[in-house]
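Asks: What follows is a structure written as structure tokens; I'll ask about it next.
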Amino acid sequence: MHAASRILVVAGAIFIAFAPAGNDVRASTSAVTLGIPPAATLTVTGTRRVVQAVNSLVARGPMTLNSAVEPLVLASGGSVGIALIELGRTTPLVWSYNGGEIFTAASTYKLAALMMEAQNIAAGKSNPDGLVCYVDDDYEAGWFDDYADGMCFTRTELAQRAGLFSDNTAGHMLVRDLGGADALNAWAASEGATESVFFTANTTSPTDLALLWAAEARGSLGGAAAHAWLYPMLTGTSTEAGVPSGVGGRSVVVHKTGTIDQVENDVALVISGPNGAYVLTVMTDGIGGAAGWRVIAEISSEVWSFEAARA
């Protein structure tokens, strides 16, 4: 596109309107008017500077992120939902692609349970070394198969099993310890996950999960004491093929995956992004296996590149 034509296009470009720092900001569109002098007065150098500025703004806008991820979603052959919440900027962006759609939660319900446990421990309501004893109704085939009636585990032991290895029986025991599914869902709804029905129907949305992670990362769910107990349960897990793979070792990624049938999900906090910390949730359906993890990793890589452009 010629420079003059590019300048004319700018007047109709769509950018994000940001709320004040500290607010949850949702992407919205508004027209931006640029002060461009009459064409007759534009020098070659001035024109080049305007075009460079426009290119920079466009590269940092969420429309660019949409353009980057949409081909990956369409090529996947399945359903994909994404939610991004920046945590490190003075004008943090909240963006989603099908973020409000309902997906199968799979084992991401364990993230909500672990967060609620961490908050209770930070508040002194629960003892991390307190025991939770197995009953037959807790059992679901999973990573560990050493459960027996009356056998007891500390909350920390169960959290390690549920977080690092996504063990199903440990997840069931944690939910029971918290008061059951109704208590877990009431807590999650109070923290912004209003569309989720964890554990029973076991459905949620990318936006709901991202809101929970953002609340956790900002310190609203127990602060540093909760983080000290929770984050080691979700770092260096048995499944690192999703968001961590897309980050490529450039940051610690604290995350919880979920997988069942043709569903692969990853809910992640990227601690040290190129533009500060951010939360990224990617949920899929109808893909599954290696193909599902590859899509999540590719989207994660695109988000990292987008964040680098915004730095």
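Asks: Looking only at the stretch 121-167, how many residues end up being outside any helix (DSSP H, G or I), touching a residue at least 24 places away in the same chain (Cβ under 8 Å), open to solvent by 40 Å² or more (accessible area, probe 1.4 Å) and within 19 Å of His227 (Cβ to Cβ)?
Replies: 3
Asks: Tell me yes or no: at least one residue of the stretch 196-207 is part of a helix (DSSP H, G or I) and small (Gly, Ala, Ser).
Replies: No; the residues of the stretch 196-207 include none that is part of a helix (DSSP H, G or I) and small (Gly, Ala, Ser).
Asks: May I pose another question? Could you give every pair whose Cβ atoms fall below 8 Å, whose first residue belongs to the stretch 92-120 and is closer than 25 Å to Glu307 by Cα and open to solvent by 10 Å² or more (accessible area, probe 1.4 Å), and whose second residue is basic (Lys, Arg) and outside any helix (DSSP H, G or I), counting only separations of at least 6 or pairs across chains?
Replies: From residues that are closer than 25 Å to Glu307 by Cα and open to solvent by 10 Å² or more (accessible area, probe 1.4 Å), the pairs are Val94/Arg26.
Asks: Pull up the stretch 218-237, narrow it to residues that are of a type in the set (A, V, I, L, M) and open to solvent by 30 Å² or more (accessible area, probe 1.4 Å), then point me to the one that is nearest to Val253 (Cα to Cα).
Replies: My answer is Ala228.
Asks: Next question, about the same structure. Name the residues in the stretch 67-93 that are modelled with pLDDT of 95 or more and within 14 Å of the chain's Cα centre (by Cα), would you?
Replies: Within the stretch 67-93, Val80, Gly81, Ile82, Ala83, Leu84, Ile85, Glu86, Leu87 qualify.
Asks: Might you check whether a residue that is open to solvent by 50 Å² or more (accessible area, probe 1.4 Å), acidic (Asp, Glu) and touching a Ser or Thr at 6+ places or on another chain (Cβ under 8 Å) occurs anywhere in the stretch 195-205?
Replies: yes
Asks: Tell me whether the stretch 263-274 contains one or more residues that are touching a residue at least 60 places away in the same chain (Cβ under 8 Å), assigned to a strand (DSSP E or B), among the small types (Gly, Ala, Ser) and closer than 26 Å to Leu74 by Cβ.
Replies: No, the stretch 263-274 contains no residue that is touching a residue at least 60 places away in the same chain (Cβ under 8 Å), assigned to a strand (DSSP E or B), among the small types (Gly, Ala, Ser) and closer than 26 Å to Leu74 by Cβ.
Asks: (1) surrounded by fewer than 18 Cβ atoms within 10 Å (Cβ to Cβ); (2) assigned to a loop (DSSP other than H, G, I, E, B): which one isn't true of Ala291, the others all being true?
Replies: Of the numbered conditions (1) surrounded by fewer than 18 Cβ atoms within 10 Å (Cβ to Cβ); (2) assigned to a loop (DSSP other than H, G, I, E, B), the odd one out for Ala291 is (2).
Asks: Could I ask something else about it? For the stretch 279-288, give me each residue that is in contact with an Asp or Glu (Cβ under 8 Å, 6 or more places away or on another chain) and part of a loop (DSSP other than H, G, I, E, B).
Replies: Within the stretch 279-288, Ile287, Gly288 qualify.
Asks: Here's another thing I want to ask about it. Give the residue, chosen from Thr64, Thr45, that is over 30 Å from Gly286 (Cβ atoms) and modelled with pLDDT under 95.
Replies: Within the list Thr64, Thr45, the selection yields Thr45.
Conditions tested, residue by residue: (1) open to solvent by 40 Å² or more (accessible area, probe 1.4 Å); (2) modelled with pLDDT of 95 or more; (3) more than 16 Å from Arg89 (Cα to Cα); (4) touching a strand residue (DSSP E or B) at 6+ places or on another chain (Cβ under 8 Å).
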{"site": "Pro244", "(1), (2), (3), (4)": "no, yes, yes, yes"}
{"site": "Val254", "(1), (2), (3), (4)": "no, yes, yes, yes"}
{"site": "Val270", "(1), (2), (3), (4)": "no, yes, no, yes"}
{"site": "Val279", "(1), (2), (3), (4)": "no, yes, no, yes"}
{"site": "Ala297", "(1), (2), (3), (4)": "no, yes, yes, no"}
{"site": "Glu302", "(1), (2), (3), (4)": "yes, yes, yes, no"}
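Asks: Cβ-Cβ below 6 Å, separation at least six or inter-chain, first residue in the stretch 173-187 and closer than 26 Å to Ala148 by Cβ, second open to solvent by 30 Å² or more (accessible area, probe 1.4 Å) and hydroxyl-bearing (Ser, Thr, Tyr): which pairs?
Replies: Ala181/Thr200
Asks: Taking the residues in the stretch 237-255 that are touching an Asp or Glu at 6+ places or on another chain (Cβ under 8 Å) and of a type in the set (Gly, Ala, Ser) as candidates, determine which candidate is nearest to Ala290 (Cα to Cα).
Replies: Gly242
Asks: Inside the stretch 67-79, can you point out the residues that are of a type in the set (S, T, N, Q), closer than 20 Å to Asp285 by Cβ and open to solvent by 60 Å² or more (accessible area, probe 1.4 Å)?
Replies: Filtering the stretch 67-79 for residues of a type in the set (S, T, N, Q) gives 67, 76, 79.
If we keep only those that are closer than 20 Å to Asp285 by Cβ as well, we get 76, 79.
Answer for the stretch 67-79, where residues must be of a type in the set (S, T, N, Q), closer than 20 Å to Asp285 by Cβ and open to solvent by 60 Å² or more (accessible area, probe 1.4 Å): just Ser79.
Asks: Oh, and also: All but one of (1) assigned to a strand (DSSP E or B); (2) in contact with a Gly (Cβ under 6 Å, 6 or more places away or on another chain); (3) not acidic (Asp, Glu) hold for Ser300; state the number of the condition that does not hold.
Replies: (1)
The values are calculated or read from the model by the stated rules, or taken from the named source; none is laboratory data. It should be emphasised that the depicted structure is a prediction, and the values quoted were computed from it without experimental measurement. All Cβ positions, glycine included, derive from the backbone under ideal geometry; neighbour counts span all protein chains shown. Surface accessibility is based on the protein's heavy atoms, side chains included, excluding ligands, DNA and RNA. Shrake-Rupley method; radii C 1.70, N 1.55, O 1.52, S 1.80 Å.
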